[in-house]
Structures are given as structure tokens and as C-alpha cells.
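Written out below as C-alpha cells is the structure these notes cover.
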Amino acid sequence: MSGRRFGQSTCDSNSSNSRIVKCGHNIPAKSYVSGTELNPGRGFYCCPYWKEPSKNCLFWRWVDQRNDEEETPSSNVIVADDEDIRMKYASMEIHVTSLKESLKLAEEKAERRKHAKKCLFDDLVSIREENTRLVGELKLANARFLFVLFLFVGLLVGIAIAGLK
């Protein structure tokens, strides 16, 4: 499949049994297992940055897929197109999964904000009720003070008038 539109890969052979698949960033690709109906349990590699669209090199390959070097010129074009479609589908599945995770996080954040807003509203209602209660107590205390003040002034006036007689 030359002319691949997704990220290119390389393999290191540090030993005869060890092959490390690398993505377009020349770092080891992550391996996953497909959970789709089309390819249940099939292993695949993809760029470790697949969740970060700005960094994702779009490398993606089935574990059992042959490397470009191992492919023969007589490879069937239809099979290559089918693999290309499968790769695109799997890449889209990964992107959809990432979008679903982002949506879930956004919904959780919105729910937390909604809860915080409700708590703040409840606090505001409590503060208003407390304020109304305190204003009522202050008015009552003020009325009592004025009553006592007028009684005291009346008493002083009464004493002053009695002292003048």
C-alpha cells in the first residue's frame, strides 16, 4: 500500500524476535485491541498521540498487517483498497471514541457547574432570608430604643416640671 495517506511507520530489529513498530514521530506506536463488530479482538497499532488531533500523525496499522517492505508488487488492488477503507474506518472509530470522551467530560463539567450554580442560588436565598430576619430584628430593636428614649425624656421633663413647682 504505497502512497499511504496515514502516517508512515518503521520497525526496529534489535533482535531477531523483537520488532518495535514506530509511528510517524519515530516513537513506539501504542497497541490496542479492536472492540468493533467488524474486527472484534483484532490488534492494531496507532500513534500514541491519537487523542490529541494537533499532534496525531495519523499512523494506524493492524498488528497482523504486513509491512510495506514485505508486500509484493502483485498485491491485489481491491484488497489494498479494502485495507485502506478499514484503516480509515478504524481511525474514525478512534476519533469518535475521543469525541465521545470529550463530550462526556464536557457534560460532567456542565453538571458540576449546574450543581455549583444551584448551591450558590440556595446560599443567596439563605442570605436573603437571614437579611430579612436581621432587618426585622433591627427595626424592632430600634422601635424599643425609641420607646425607652421617649419614656426617659418624658420622665426628665416630668421631673423638671415637678421641680419648678
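The values are calculated or read from the model by the stated rules, or taken from the named source; none is laboratory data. Just so it is clear, the model here is predicted, and its values are computed rather than measured. Every residue, glycine among them, receives a Cβ derived from its backbone with ideal geometry; neighbour counts consider all protein chains shown.
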Pairs, please: C-beta under 7 Å, at least 6 apart or cross-chain, first residue farther than 11 Å from GLU93 by Cα and in region 26-39, second of a type in the set (Gly, Ala, Ser)? ALA29/SER9; SER31/GLY43; VAL33/GLY41; VAL33/GLY43
Residue under question is LEU105, and the condition is that it be closer than 22 Å to GLY35 by Cβ, at pLDDT 95 or above and either over 42 Å from the mean Cα position of the chain (by Cα) or not acidic (Asp, Glu) (or both); does it hold? yes
Taking only pairs six or more apart or across chains, which ones have beta-carbon atoms under 7 Å, a first residue in region 98-112 that is under 23 Å from CYS47 (Cα atoms), and a second residue that is surrounded by 10 or more Cβ atoms within 10 Å (Cβ to Cβ)? SER98/LYS51
Selection status of MET92, within 30 Å of TRP62 (Cα to Cα) and in contact with a Lys or Arg (Cβ under 8 Å, 6 or more places away or on another chain): no
Whether any residue in region 42-58 is aromatic (Phe, Trp, Tyr), modelled with pLDDT under 85, touching a Leu at 6+ places or on another chain (Cβ under 9 Å) and outside any helix (DSSP H, G or I) is what I want to check. no
Just a yes or no: is a residue in region 110-123 surrounded by 10 or more Cβ atoms within 10 Å (Cβ to Cβ), in a helix (DSSP H, G or I) and either among the β-branched types (Val, Ile, Thr) or in contact with a Cys (Cβ under 8 Å, 6 or more places away or on another chain) (or both)? no
Considering each of ILE20, ILE85, ILE78 in turn, give the residue that is at pLDDT 60 or above, more than 24 Å from LYS100 (Cα to Cα) and aliphatic (A, V, I, L, M). ILE20
